[in-house]
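Pasting a structure here, questions to come.
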Amino acid sequence: MSEKPAGKLDTKAIARAALELLDEAGLDGLTMRKVAAALNVQAPALYWHVKNKRELLDAMAQHIFVAAVDGLEAPRQGVDWREWLIELAQRLRQSMLRYPDGARVSAGTFISDEAMWRTVELTLRTLEDAGLARDSAERVFPILLHYTTGFVIEEQARTGVEYAENPYATGQLEQAVDSGRYPRTARMITGFAAMDPDVEYLNGLRVILAGIDAAPK
């Protein structure tokens, strides 16, 4: 391995470069060699900061998360805890959507950063102040994070970039279902294809929040 590179090469710079490369190659085409080339260094220089692609993905996910919660504060007086959680979840979604495959990058990664611990602490305190029992409050942040990550994975997949012909395109999805045999499913699919993802996401989020609100106090 070469000597440790001088300059401003660090984990954050590597993560930013890798995220920018997603526009060109997507997650499946991302390699350490391509990241090194984008930074004008040799690939071994990266290994001083990220040991392998797994650690690279962790760093990329951390960048996405930190950007999402930048400036996040506890709810102001009079702000309903549900609306605060909606804002938090939407911040996470928008940050993932900023990059192709942003949600796939975030899924299953390990983030160890002050921003994560502060966000979890704010969420727990907000929910406890709203009257939720501690055990119930502790389940909320993972639920919101997992829902958002899964939703955005599906949302980004609907672009159909990996298909020769996008099966999610208007008209394509409806043709996949025999409306004579499966009329209810066909109706659902038609509505699904036309649905605004912003509306769809918020509807699901409100269902989750209703369940949280019904949790033991």
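Which of the residues belonging to the range 73-97 are among the basic types (Lys, Arg), free of Cβ contacts under 8 Å to residues at least 40 places away in the same chain and within 16 Å of VAL152 (Cβ to Cβ)? Talk me through it step by step, then tell me what you get.
The initial filter retains those residues of the range 73-97 that are among the basic types (Lys, Arg), namely 76, 82, 91, 93.
So of that shortlist, the ones also free of Cβ contacts under 8 Å to residues at least 40 places away in the same chain come out as 76, 91.
Residue satisfying the conditions is ARG91 alone.
Further question: So ILE143 clears everything in (1) buried (at least 16 other Cβ atoms within 10 Å of the Cβ); (2) part of a helix (DSSP H, G or I); (3) aliphatic (A, V, I, L, M) except one condition, right? Which one?
(1)
If a residue has to be in a helix (DSSP H, G or I) and either free of Cβ contacts under 8 Å to residues at least 40 places away in the same chain or in contact with a His (Cβ under 9 Å, 6 or more places away or on another chain) (or both) to count, how many in the range 21-37 make the cut? First the steps, then the outcome.
First pass over the range 21-37, keeping only residues in a helix (DSSP H, G or I): 21-25, 32-37.
Next, from what is left, pick out any that are either free of Cβ contacts under 8 Å to residues at least 40 places away in the same chain or in contact with a His (Cβ under 9 Å, 6 or more places away or on another chain) (or both): 21, 24-25, 32-37.
Count: 9.
Here's something else I'd like to know. May I ask you to say which residue of ALA15, ALA25, ALA45 is modelled with pLDDT under 95, in contact with a helix residue (DSSP H, G or I) (Cβ under 8 Å, 6 or more places away or on another chain) and open to solvent by less than 30 Å² (accessible area, probe 1.4 Å)? Even if it seems obvious, please write down each step before you answer.
Values: ALA15 fails: modelled with pLDDT under 95; ALA25 fails: open to solvent by less than 30 Å² (accessible area, probe 1.4 Å).
Matching residue, one of ALA15, ALA25, ALA45: ALA45.
Before we move on, is ALA103 open to solvent by less than 70 Å² (accessible area, probe 1.4 Å), touching a residue at least 12 places away in the same chain (Cβ under 8 Å), in a helix (DSSP H, G or I) and over 25 Å from ASP23 (Cα atoms)? Outline the logic, then answer.
On the way: open to solvent by less than 70 Å² (accessible area, probe 1.4 Å): yes; touching a residue at least 12 places away in the same chain (Cβ under 8 Å): yes; in a helix (DSSP H, G or I): yes; over 25 Å from ASP23 (Cα atoms): no.
No: the conditions fail for ALA103.
Going residue by residue through the range 29-37, is there one that turns out to be in contact with a Pro (Cβ under 6 Å, 6 or more places away or on another chain) and open to solvent by 40 Å² or more (accessible area, probe 1.4 Å)? I'd like the intermediate steps shown before the answer.
Initially, the range 29-37 is screened for residues in contact with a Pro (Cβ under 6 Å, 6 or more places away or on another chain), giving none.
No, the range 29-37 has no match at all.
Can I ask one more? In the range 111-133, how many are part of a helix (DSSP H, G or I), over 24 Å from HIS63 (Cα atoms), touching a residue at least 12 places away in the same chain (Cβ under 8 Å) and touching a helix residue (DSSP H, G or I) at 6+ places or on another chain (Cβ under 7 Å)? Outline the logic, then answer.
Applying the first criterion (part of a helix (DSSP H, G or I)) to the range 111-133 yields 114-129.
The next check asks that each one be over 24 Å from HIS63 (Cα atoms); those that pass are 125-129.
Filter once more, keeping what is touching a residue at least 12 places away in the same chain (Cβ under 8 Å): 125-127, 129.
The next check asks that each one be touching a helix residue (DSSP H, G or I) at 6+ places or on another chain (Cβ under 7 Å); those that pass are 126-127.
Result for the range 111-133: 2.
Here's another thing I want to ask about it. Suppose the filter is modelled with pLDDT under 95, touching a helix residue (DSSP H, G or I) at 6+ places or on another chain (Cβ under 7 Å) and part of a helix (DSSP H, G or I); does ALA193 pass it?
Values: modelled with pLDDT under 95: yes; touching a helix residue (DSSP H, G or I) at 6+ places or on another chain (Cβ under 7 Å): yes; part of a helix (DSSP H, G or I): yes.
For ALA193, the condition - modelled with pLDDT under 95, touching a helix residue (DSSP H, G or I) at 6+ places or on another chain (Cβ under 7 Å) and part of a helix (DSSP H, G or I) - is met.
Could you tell me which residue of the range 52-72 is most open to solvent (accessible area, probe 1.4 Å), considering only residues that are among the charged types (D, E, K, R) and without any contact (Cβ under 8 Å) to a residue 12 or more places away in the chain?
At the first step, the residues of the range 52-72 found to be among the charged types (D, E, K, R) are 53-55, 58, 70.
Adding the requirement that they be without any contact (Cβ under 8 Å) to a residue 12 or more places away in the chain leaves 54-55.
Numbers: ARG54: 108, GLU55: 66 Å².
Filtering first and then ranking leaves ARG54.
While we're looking at this one, here's another question. Considering (1) within 21 Å of VAL140 (Cβ to Cβ); (2) within 14 Å of the chain's Cα centre (by Cα); (3) aromatic (Phe, Trp, Tyr), say which one TRP81 fails and leave the rest.
(2)
When you scan the range 154-190, how many residues do you find that are part of a helix (DSSP H, G or I), open to solvent by less than 60 Å² (accessible area, probe 1.4 Å) and in contact with a Gly (Cβ under 9 Å, 6 or more places away or on another chain)?
Residues in the range 154-190 being part of a helix (DSSP H, G or I), open to solvent by less than 60 Å² (accessible area, probe 1.4 Å) and in contact with a Gly (Cβ under 9 Å, 6 or more places away or on another chain): 2 in total.
Of everything in the range 48-78 that's under 19 Å from the mean Cα position of the chain (by Cα) and among the basic types (Lys, Arg), which residue is farthest from GLY108 (Cα to Cα)?
So in the range 48-78, the residues under 19 Å from the mean Cα position of the chain (by Cα) come out as 53-72.
Then keep just the ones that are among the basic types (Lys, Arg); that gives 53-54.
Values: LYS53: 13, ARG54: 10 Å.
Once the filter is applied, the top-ranked residue is LYS53.
The values are calculated or read from the model by the stated rules, or taken from the named source; none is laboratory data. Quantities reported herein were computed from a predicted structural model and do not represent experimental measurements. With ideal geometry, Cβ positions are generated from the backbone for all residues, glycine too; neighbour counts draw on all protein chains shown. SASA here: full protein model, heavy atoms, side chains in, ligands and nucleic acids out. Shrake-Rupley method; radii C 1.70, N 1.55, O 1.52, S 1.80 Å.
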